[in-house]
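The values are calculated or read from the model by the stated rules, or taken from the named source; none is laboratory data. Because the structure is a prediction, the values reported are computed rather than measured. Reconstructed Cβ throughout: ideal geometry from the backbone, glycine too, with neighbour counts over all protein chains shown.
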Amino acid sequence: MALSLTVNGDKRTIEVDPDTPLLWVIRDELGLKGTKFGCGAGLCGACTVHLDGQPVRSCSTPLEIVQGRSVTTIEGLATDAGLHPLQKAWVEHGVPQCGYCQSGQIMSAAHLLANNPTPLREDIVAALSGNLCRCGTYSRIIAAVESAAVDGASESTRDGA
């Protein structure tokens, strides 16, 4: 069955079973490997993407409910102007060790900052509580999100927003 969706701004039509998890369409059909398979049950957060701006677990989201909607993956956060502030902060704070959780962590954090550009530490912890890190780099993750929030606020000020 042909299903249409927009991924990172590009309209795509995919011929797959409508029950196919979005994760496998992103990785296998579209070749976007940044979104990771973790637990397969939507519990670890490694597969987090945005569906119409809301974070979802792509491993447990069937393609049929994505029909006609917009998906943003970790690859879609960067723009022609460069990396997303969170991606920059991730590098600056040396967040990744194994790196497996980072795309899901960043996607959850991006949703937080889009809705709360100046979060408190408690807001960050709550927003990322569903994303597990096997390496335990939570303190660096929180520091990176705090840094991206500060950088984003200063960019908004420079842009007159």
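Which members of region 91-113 meet the condition of being part of a helix (DSSP H, G or I) and among the hydrophobic types (A, V, I, L, M, F, W, C)? First the steps, then the outcome.
We begin by selecting, within region 91-113, every residue part of a helix (DSSP H, G or I); these are 91-92, 102-113.
Within region 91-113, Val91, Ile106, Met107, Ala109, Ala110, Leu112, Leu113 meet the criteria.
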Task: Tally, over region 88-107, of residues that are over 12 Å from Ala46 (Cα atoms), surrounded by 17 or more Cβ atoms within 10 Å (Cβ to Cβ) and not aromatic (Phe, Trp, Tyr) - done: 4
TODO: Take Gly38 and decide whether it is crowded, with 21+ Cβ neighbours inside 10 Å, within 10 Å of the chain's Cα centre (by Cα) and outside the structural domain of Val145 (by TED's automatic domain parsing).
DONE: no
Open item on the list: With the structure loaded, tell me whether Ala46 is out of contact with any Leu (no Cβ under 9 Å at 6 or more places or on another chain), in the same structural domain as Val16 (by TED's automatic domain parsing) and in a loop (DSSP other than H, G, I, E, B) or whether it fails that test.
Closed with: no
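In region 74-95, what count of residues is obtained for those that are without any contact (Cβ under 8 Å) to a residue 24 or more places away in the chain and either among the hydroxyl-bearing types (Ser, Thr, Tyr) or at negative phi (or both)?
Start the filter on region 74-95 by keeping residues that are without any contact (Cβ under 8 Å) to a residue 24 or more places away in the chain, which leaves 78-83, 87, 91.
With the extra rule that they be either among the hydroxyl-bearing types (Ser, Thr, Tyr) or at negative phi (or both), the set shrinks to 78-81, 83, 87, 91.
Residues meeting the conditions: 7.
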Open item on the list: Is it the case, given these coordinates, that Gln102 is assigned by TED's automatic domain parsing to the domain that holds Ala148 and touching a Pro at 6+ places or on another chain (Cβ under 9 Å)?
Closed with: yes
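State yes or no: is Ile142 under 30 Å from Glu15 (Cβ atoms), touching a residue at least 12 places away in the same chain (Cβ under 8 Å) and buried (at least 16 other Cβ atoms within 10 Å of the Cβ)? Give the derivation first.
Numbers: under 30 Å from Glu15 (Cβ atoms): no; touching a residue at least 12 places away in the same chain (Cβ under 8 Å): yes; buried (at least 16 other Cβ atoms within 10 Å of the Cβ): yes.
No.
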- [ ] Quick one: Val71 ticks every box in (1) outside any helix (DSSP H, G or I); (2) surrounded by 20 or more Cβ atoms within 10 Å (Cβ to Cβ); (3) free of Cβ contacts under 8 Å to residues at least 40 places away in the same chain except a single one, so which number is it?
- [x] (3)
Open item on the list: Given the criteria among the aliphatic types (A, V, I, L, M), under 22 Å from Thr72 (Cβ atoms) and modelled with pLDDT of 95 or more, does Ala148 qualify?
Closed with: yes
